[in-house]
Amino acid sequence: MKQFRATAIAVAVAAAVGVGWYAMRPPPDRAALATMRAAEDPARQPLPPLREVRTPEQGAAVAPRAAAPAPAPALAAVAALHPKDAEFDRLTGPLATPAMLSEAWALHKDCRNEAMVLSGGVQTSTLSEHRCGLAPGKPDAATVKRMLEARVRRADFGAWIDVASERTGAFADDPARWRELVAEAYRTGKAKAEPTVMAAESQTFLDEGKALHAAGRLAEAQAAYRQAATYAVASAVGTAWENQQRRIDLSTDKGWQSVAPLLAAAERSESITAGTTLAQNWRRPS
């Protein structure tokens, strides 16, 4: 029952946040993420820190090369409207690797985000409906599932949120598998310090610390605050890497700023060191 309740909460929050939540990869919103947290990990313990063209022999006759036929007008028009179809098919073929499927997801995400903008009545270009580059109907549900499973295995940025957002989408016909994959995405994300999961963990420990403090269990509350700060730093570091930022500024990170005032100077320093070390686990395969 607890797992069902957690995954049900995940759907509601994913819908509220929207599937385009991290399209531009901003720092994670810890409060929203925390409510999507899976119920598979009650302990919540900290992790240890041009092919060469050869001519015939001299004197040999060289047959003129026939000119390539011009593409049929109809086919040319389709290719112009959906220029990324062929690439998407290659990336999602039967022999696709997790990395290829993850790359295909990026193409799909562009289409998804464009559709969200158009649904709001905003025209981003004169051919907005074709901007994503994929033909209507792509990808189908089976392909979405394959891409998501690959993203979960790789602990890609936001993979957990992507899965949670597909309850009434690709997984509408298989709610049991959806619940399993949400939980798997969270466990894998935590083990590999995926930034959005780290943000959710940070908020969870912060809330726990406040509850302990209110109950007069001050030492336990302080320990929870330190753990929240560690996860906040790990999330900030990973998000900076995802955004290809060279500098990490904790003074602008909401997660860190929400817990740092509750710590002594020495505790803040320890949490920064521990969180930076923890973030090293987020090294995705190529």
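Okay, here's what the table says:
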quantity	calculated
Residue list for the range 139-170, filter: over 12 Å from the mean Cα position of the chain (by Cα) and of a type in the set (Gly, Ala, Ser)	Ala141, Ala142, Gly169, Ala170
Subset of the range 93-136 that is surrounded by fewer than 12 Cβ atoms within 10 Å (Cβ to Cβ) and part of a helix (DSSP H, G or I) - its residue that is modelled with the lowest pLDDT	Ser119
Criterion: basic (Lys, Arg), at pLDDT 95 or above and either buried (at least 16 other Cβ atoms within 10 Å of the Cβ) or not assigned by TED's automatic domain parsing to the domain that holds Thr204 (or both) - qualifying residue of Arg154, Arg167, Arg179, Arg90	Arg179
Which numbered condition Ala185 fails, given (1) assigned by TED's automatic domain parsing to the domain that holds Ser102; (2) over 24 Å from the mean Cα position of the chain (by Cα); (3) among the aliphatic types (A, V, I, L, M)	(2)
Test: Glu220 is farther than 24 Å from Leu148 by Cα, surrounded by fewer than 16 Cβ atoms within 10 Å (Cβ to Cβ) and of a type in the set (Asp, Glu)	yes
Condition broken by Glu270, with the remaining ones in (1) more than 19 Å from the chain's Cα centre (by Cα); (2) acidic (Asp, Glu); (3) surrounded by 17 or more Cβ atoms within 10 Å (Cβ to Cβ) satisfied	(3)
Test result for Val259, closer than 19 Å to Glu194 by Cα and of a type in the set (Val, Ile, Thr)	no
Matching residues in the range 254-286 - criterion: being in a helix (DSSP H, G or I) and of a type in the set (Ser, Thr, Tyr)	Ser258, Ser269, Ser271, Thr273, Thr276, Thr277
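The values are calculated or read from the model by the stated rules, or taken from the named source; none is laboratory data. Just so we're clear, the structure is a prediction, and the values are computed from it rather than from any experiment. Glycine gets a Cβ as well: all are built from the backbone with ideal geometry, and neighbour counts include every protein chain shown.
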